[in-house]
1. Just wondering, is there one or more residues in the range 57-64 that are buried (at least 19 other Cβ atoms within 10 Å of the Cβ), assigned to a helix (DSSP H, G or I), charged (D, E, K, R) and in contact (Cβ under 8 Å) with a residue 24 or more places away in the chain?
2. Being closer than 16 Å to Gly215 by Cα, surrounded by fewer than 20 Cβ atoms within 10 Å (Cβ to Cβ) and either touching a residue at least 12 places away in the same chain (Cβ under 8 Å) or within 23 Å of the chain's Cα centre (by Cα) (or both) is the filter here, so list the residues in the range 240-262 that pass it.
3. Determine whether Ser99 is of a type in the set (Ser, Thr, Tyr) and modelled with pLDDT of 85 or more.
4. With respect to Ser154, is the statement that it is at pLDDT below 70, in a helix (DSSP H, G or I), within 16 Å of the chain's Cα centre (by Cα) and not assigned by TED's automatic domain parsing to the domain that holds Arg9 true?
5. Could you run through the range 243-260 and say how many residues are out of contact with any Lys or Arg (no Cβ under 6 Å at 6 or more places or on another chain), part of a helix (DSSP H, G or I) and not polar (S, T, N, Q)?
6. What number of residues within the range 173-216 satisfy the criterion of being assigned to a strand (DSSP E or B) and under 17 Å from Ile260 (Cα atoms)?
7. Starting from the range 330-348, take each residue that is within 10 Å of Phe281 (Cβ to Cβ) and near the ligand (Cβ under 7 Å from one of its atoms) and list its partners that are among the polar types (S, T, N, Q) and modelled with pLDDT of 95 or more, counting only C-beta distances under 9 angstrom and pairs at least six apart or across chains.
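The values are calculated or read from the model by the stated rules, or taken from the named source; none is laboratory data. Just so it is clear, the model here is predicted, and its values are computed rather than measured. Cβ placement follows ideal geometry from the backbone for every residue including glycine, while neighbour counts extend to all protein chains displayed.
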Amino acid sequence: MGARGALFRGRALYDHPGTEELFVQAMRENCAFQYARCPEYRAILDQAGFRPEQLQGPEDLGELPPIPTLYFKRHHLSSMAGKHALFHTTSSGTSGRRSEVNFDFGALLCDLAMSLRACGTHGLISPRPTRYVILGYQPHRGNHMGVMKSAFLSTFLAPAVKRTYALRFREGEYRLDQEGLVEELRRCARQRHPVRLIGFPSYLHFLMQELEHRGLRFPMPSGSKILLGGGWKQFYRQQVDKPQLYAEVKERLDIPEAAIHEVFSVVEHPIIYWDCPRHHFHIPVYSRVLIRDVRTLKPLPYGQPGLVNLMTPLLKSAPLMSILTDDLGVLHPGESCGCGCTAPWLEVLGRVGMTEIKTCAAGAEEYQRGERE
Ligand SMILES: [Zn+2]
């Protein structure tokens with residue numbers, strides 16, 4: 001078993017000091033694999049004067065050139081033939097551009113180990129039959145969106161009695177079925193099976209407002225949970241409204257804040273980040289996060305805002321070890337959370353505009369010459 005397998009099969013979800021060596025080894029192995037298999041990636045590393053062997057210690061991770069997610073939306077890089085790609089996901093592509101990510105078989109096994117460990121740690125695996133209300137897309141064979149697949153897969157953590165979808169595929173398009181959701185919640189409140197609501201925070205908020213508007217309250221059976229996720233875009237817009245959302249859920253569904261879990265992930269970096277009881281996203285052992293200066297791209301210390309650089313050796317199918325998102329974030333020391341978890345936690349502040357991204361790609365020199373669009 002390679003370093004990647006050992007890292008993803010480890011027992012401790014947040015033990016960074018204990019996994020440092022293994023993480024760097026897995027990154028080095030993956031980097032060497034991508035360097036040998038993907039000519040475009042090799043050209044990028046050659047141009048930056050970087051060789052996979054340079055990854056020897058944690059301090060070297062920042063030297064590995066991060067690839068902007070925007071690049072993956074324009075170029076499809078691959079290090080494996082299509083027949084090895086078993087599981088295919090895409091970003092939502094609201095702007096018309098999408099990233100495509102294929103999972104190799106090893107990555108699928110790692111992903112499974114990671115998901116089971118995380119879901120076990122957060123108490124989501126249960127033998128109790130459960131009704132699922134998906135605040136997102138109904139699966140459809142033409143839809144490969146990562147958020148839809150994650151939501152559907154999470155309905156297997158406890159045996160499903162029923163699955164109800166907010167966005168139903170009818171006559172060739174997705175339509176929001178708000179009435180169907182309200183009726184399902186009415187039924188859920190009358191029976192004994194726990195209920196799990198899964199999906200976008202914004203839809204949950206709209207649903208709670210709808211119930212309030214109609215003066216409806218549906219207290220959910222004990223053991224009911226809410227699992228929120230669906231990308232960073234939704235997240236930072238909702239962030240300010242989180243305490244309000246928790247209060248709405250308590251009022252309308254009688255589900256306590258402790259039973260509301262949030263996750264985030266990005267298609268190009270399919271590591272799942274779970275919130276802790278204080279709703280902070282600590283970095284699991286499967287990834288490392290660096291914050292980089294928006295202009296110079298130099299790594300920044302804790303507490304300073306910059307571009308979020310995500311690293312993981314999960315995928316072998318494409319060179320996605322170190323990606324630079326167009327999100328602004330701050331990394332905080334683990335102890336500052338107060339929940340007891342010592343792994344650093346990431347706060348996502350928002351998305352930078354196209355101007356800043358182009359600046360990053362073009363470099364500081366162009367910025368100074370005033371050639372920004
Ligand atoms: Zn915490």
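1. No; the residues of the range 57-64 include none that is buried (at least 19 other Cβ atoms within 10 Å of the Cβ), assigned to a helix (DSSP H, G or I), charged (D, E, K, R) and in contact (Cβ under 8 Å) with a residue 24 or more places away in the chain.
2. Going residue by residue through the range 240-262, those that are closer than 16 Å to Gly215 by Cα are 247-254.
The next check asks that each one be surrounded by fewer than 20 Cβ atoms within 10 Å (Cβ to Cβ); those that pass are 247-248, 250-251, 254.
Once the filter is applied, which keeps residues that are closer than 16 Å to Gly215 by Cα, surrounded by fewer than 20 Cβ atoms within 10 Å (Cβ to Cβ) and either touching a residue at least 12 places away in the same chain (Cβ under 8 Å) or within 23 Å of the chain's Cα centre (by Cα) (or both), the range 240-262 yields Glu248, Glu251, Asp254.
3. Numbers: of a type in the set (Ser, Thr, Tyr): yes; modelled with pLDDT of 85 or more: no.
The answer is no for Ser99.
4. Numbers: at pLDDT below 70: no; in a helix (DSSP H, G or I): yes; within 16 Å of the chain's Cα centre (by Cα): yes; not assigned by TED's automatic domain parsing to the domain that holds Arg9: yes.
Criteria not met by Ser154.
5. Taking the range 243-260 and keeping what is out of contact with any Lys or Arg (no Cβ under 6 Å at 6 or more places or on another chain), we get 243-251, 253-258, 260.
Then drop every residue that is not part of a helix (DSSP H, G or I), which leaves 243-251, 253, 257-258.
Checking which are not polar (S, T, N, Q) leaves us with 243, 245-251, 253, 257-258.
Total satisfying the criteria: 11.
6. Of the residues in that region, 5 qualify.
7. From residues that are within 10 Å of Phe281 (Cβ to Cβ) and near the ligand (Cβ under 7 Å from one of its atoms), the pairs are Trp345/Ser336.
Yes/no matrix, rows are residues, columns are (1) touching a Phe, Trp or Tyr at 6+ places or on another chain (Cβ under 7 Å); (2) touching a residue at least 24 places away in the same chain (Cβ under 8 Å); (3) more than 24 Å from Leu13 (Cβ to Cβ):
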{"site": "Phe152", "(1), (2), (3)": "no, no, no"}
{"site": "Leu157", "(1), (2), (3)": "no, yes, no"}
{"site": "Gly180", "(1), (2), (3)": "no, no, yes"}
{"site": "Leu185", "(1), (2), (3)": "yes, yes, yes"}
{"site": "Ala189", "(1), (2), (3)": "yes, yes, yes"}
{"site": "His193", "(1), (2), (3)": "no, yes, yes"}
{"site": "Phe200", "(1), (2), (3)": "no, yes, yes"}
{"site": "Phe206", "(1), (2), (3)": "no, yes, yes"}
